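Visitor: Below are the structure tokens for one structure; questions will follow.
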Amino acid sequence: IANSIDEKRLADTISDTLSADQADRFPDNNIGEALARIPGLSFQRDNNSGDGEFISIRGLDAQYNTVLYDGLRTGTSDSFRRTALDVVTGSGVSSIQVVKAPLPEHASEGIGGVVDIRSRGALQRSDGLRLRAEATENSFADDIGYEFSGSYTKEINDKVGIYLNGRYRKRYIDAFQINPATTVPDLLQ
């Protein structure tokens, strides 16, 4: 957390950094929901799962943001050029830097901000096996959802290590959605 504060203080632009410790403090389902705790950021929920999917910086749509993973641009299959963050969990992340007002030297493609997700390598962890199980009750569905996650870290020598991470989640959600979109000619017929 202290490194995040120092990084923000020394930055040349308006930016925030979310450390892995800060992201794990709250029961967020993914990185998109964790980032919404930063001032000036919000997210759009996925209609089917209810998870935070796309991040909005300073009120601009997600299509105007650039998402990097360890400094490399991420690809997207979305027709609006938005990068979904609902698949990234906090367990493999070291920190996330969000630049709200990118400068010319930043890898930005639009008028939005830059989200740089930095992964945590095997040499940045202690050796061991970590397992986690969780059960979730949903007031809309009768079933109880669950999540299992685990990671394994092994340092082979001072330059090579192994890090494996996995997660499985089953959620039961009943949704009620009304789409009142219609045209005036349809109403007159």
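Visitor: Taking 0.36 nm per intervening residue step and subtracting the Cα-Cα distance, what contour gain separates D158 from E134 on full extension? Can you show the working numbers first?
Guide: On the way: separation 24, 0.36 × 24 = 8.64 nm, distance 3.41 nm.
The D158-E134 span can extend by a further 5.2 nm.
Visitor: For a Förster distance of 35 Å, can you work out the FRET efficiency between the beta-carbons of R167 and A11, rounded to the nearest 0.05? Don't jump to the answer; show the numbers that get you there.
Guide: Details: r = 32 Å, r/R0 = 0.90.
That gives a FRET efficiency of 0.65.
Each value in this text was obtained by applying a stated rule to the coordinates, not by laboratory testing. Remember, it's a predicted structure, so these values are computed and weren't measured experimentally. All Cβ positions, glycine included, derive from the backbone under ideal geometry; neighbour counts span all protein chains shown.
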